[in-house]
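These notes concern the structure reproduced below.
The values are calculated or read from the model by the stated rules, or taken from the named source; none is laboratory data. What you see is a predicted model, and the numbers here were worked out from it, not measured in a lab. Backbone-built Cβ (ideal geometry, glycine too); neighbour counts: all protein chains shown.
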Protein chains: 2
Amino acid sequence: MTLNEHDRTIIMDSIRDIHDFPKPGIVFKDITTLLSDKNAYGVLMKHLHDRYSSYNLTHIAGIDARGFIFGAALAQMLGVGFIPIRKKGKLPYTTVSEKYSLEYGVDEVEVHIDAFSNVENPQVLLIDDLIATGGTAYAAASLINKVGATCVEACFIMGLDFLDGQKKLSEVVPVYTVIGVD
Amino acid sequence: MTLNEHDRTIIMDSIRDIHDFPKPGIVFKDITTLLSDKNAYGVLMKHLHDRYSSYNLTHIAGIDARGFIFGAALAQMLGVGFIPIRKKGKLPYTTVSEKYSLEYGVDEVEVHIDAFSNVENPQVLLIDDLIATGGTAYAAASLINKVGATCVEACFIMGLDFLDGQKKLSEVVPVYTVIGVD
């Protein structure tokens with residue numbers, strides 16, 4: 001199930017372009033205007049609920065920090081658990097971590113080692129607001145598998161179609177992007 | 001409306017104590033075990049929904065990053081907008097900011113200057129996972145008022161009763177804490 005044109009227009013119209021953030025030449029997709037609009041936010045979350053209600057998920061994993069917003073709301077709508085995947089040093093218990101490359105240097109994400117251990121055969125949807133080069137999402141999907149769960153799909157509200165992040169990530173996990181951005 | 005004893009036990013039992021995090025002598029309240037437990041997470045969110053459904057809120061504002069988890073889910077349940085209050089430098093558009101004191105040094109939170117401008121007379125619930133000394137929440141409540149909205153209540157999943165954060169904050173906004181921690 002993908003988004004219909006009517007709902008796509010509502011969502012697209014609620015996202016704001018910010019030029020030169022975080023640095024010159026970048027057009028940043030600002031989803032705060034989507035979230036503050038109860039109508040657009042509701043349309044988006046209903047679409048995600050409708051898509052994933054038949055997946056028999058046990059958990060949603062959201063990537064720090066905008067992935068928390070969509071992930072926690074969806075988990076509550078589906079009646080499943082929510083797992084935060086965080087930047088290094090933020091989670092209090094024993095973690096498993098995964099490094100990934102940035103344009104300059106490396107970064108690292110973590111998940112609790114027992115994050116999914118409260119159910120047998122955990123089936124997890126990974127979610128974040130946007131996929132660009134996909135480095136963070138690739139590391140997050142690896143983490144989910146490392147701690148004994150199955151990452152059944154990776155979902156993004158927006159995907160930058162001019163980068164190859166979605167293609168690269170789809171080699172290890174199915175990828176669903178609500179809205180592609182040229 | 002406050003939490004009944006049955007639901008309080010379910011929620012308390014799902015929160016994990018982590019000793020010596022983030023530094024020796026601190027007992028950290030780990031809410032990731034609450035979130036991964038669909039039953040406890042559902043009980044908590046239903047309580048928040050029941051409490052706030054009569055408040056005629058227009059927005060929920062959540063504090064970066066654990067406040068996003070509870071705030072975005074509650075906003076969706078209530079059918080209102082969600083506004084992120086973030087650490088300095090994370091929001092892409094023009095912001096208003098507020099400094100607050102930490103044990104050592106200062107930190108700063110921000111909100112978009114037009115965050116609540118999509119409705120008239122915005123009525124906002126501020127939410128975070130925990131209130132300790134209350135410095136961040138005090139700054140966040142000030143920000144909400146600064147950009148022309150009314151902060152009608154500040155809500156925390158847990159409050160550290162041995163600190164005076166709740167008392168101090170309640171001088172400027174009503175405070176509701178789901179669970180007090182000794």
Original post:
Quick check, is B:GLY25 buried (at least 23 other Cβ atoms within 10 Å of the Cβ) and more than 25 Å from A:PRO122 (Cα to Cα)?
Top reply: no
**OP:** Residues being within 13 Å of chain B (Cβ to nearest Cβ), loosely packed, with under 14 Cβ neighbours inside 10 Å and either of a type in the set (S, T, N, Q) or not in a helix (DSSP H, G or I) (or both): count how many of those fall in the stretch A:1-20.
**Re:** 3
**OP:** Would you mind stating whether A:ILE144 is within 14 Å of another protein chain (Cβ to nearest Cβ), modelled with pLDDT of 95 or more and in contact with a helix residue (DSSP H, G or I) (Cβ under 7 Å, 6 or more places away or on another chain)?
**Re:** no
**OP:** Name every residue in the stretch B:145-182 that is surrounded by fewer than 17 Cβ atoms within 10 Å (Cβ to Cβ) and of a type in the set (S, T, N, Q), in order of residue number.
**Re:** B:ASN145, B:THR150, B:SER170
Original post:
Taking the stretch A:69-118 only, how many residues are more than 13 Å from chain B (Cβ to nearest Cβ) and assigned to a loop (DSSP other than H, G, I, E, B)?
Top reply: 4
Original post:
For B:LYS23, which of the numbered conditions (1) over 21 Å from B:HIS112 (Cβ atoms); (2) within 7 Å of chain A (Cβ to nearest Cβ); (3) of a type outside the set (S, T, N, Q) fails to hold?
Top reply: (2)
Original post:
Among the residues of the stretch B:126-146, how many are outside any helix (DSSP H, G or I) and within 12 Å of B:ILE85 (Cα to Cα)?
Top reply: 3
Original post:
How many of the residues in the stretch A:48-68 are in a loop (DSSP other than H, G, I, E, B) and more than 9 Å from chain B (Cβ to nearest Cβ)?
Top reply: 5
**OP:** Output the residues belonging to the stretch B:28-47 that are outside any strand (DSSP E or B) and surrounded by fewer than 24 Cβ atoms within 10 Å (Cβ to Cβ).
**Re:** B:THR33, B:ASP37, B:LYS38, B:ASN39, B:ALA40, B:GLY42, B:VAL43, B:MET45, B:LYS46, B:HIS47
Original post:
Can you find a residue in the stretch B:165-172 that is aliphatic (A, V, I, L, M) and under 19 Å from B:PRO84 (Cβ atoms)?
Top reply: no
**OP:** Could you please find all residues in the stretch A:132-155 being under 15 Å from A:GLN166 (Cβ atoms), aliphatic (A, V, I, L, M) and in contact with a Pro (Cβ under 8 Å, 6 or more places away or on another chain)?
**Re:** A:ALA154
Original post:
Do the conditions hold for A:TYR41, that is, is it hydroxyl-bearing (Ser, Thr, Tyr) and either modelled with pLDDT under 95 or within 19 Å of B:GLY67 (Cβ to Cβ) (or both)?
Top reply: yes
Original post:
Is it the case that the stretch B:83-100 has a residue that's surrounded by fewer than 20 Cβ atoms within 10 Å (Cβ to Cβ) and over 29 Å from A:ASP17 (Cβ atoms)?
Top reply: yes
Subject >> Residue count, the stretch A:113-141 (criterion: in contact with a helix residue (DSSP H, G or I) (Cβ under 8 Å, 6 or more places away or on another chain) and surrounded by fewer than 24 Cβ atoms within 10 Å (Cβ to Cβ)) >> reply: 8
Subject >> Tally of residues being under 14 Å from the mean Cα position of the chain (by Cα) and among the β-branched types (Val, Ile, Thr) across the stretch A:59-104 >> reply: 5
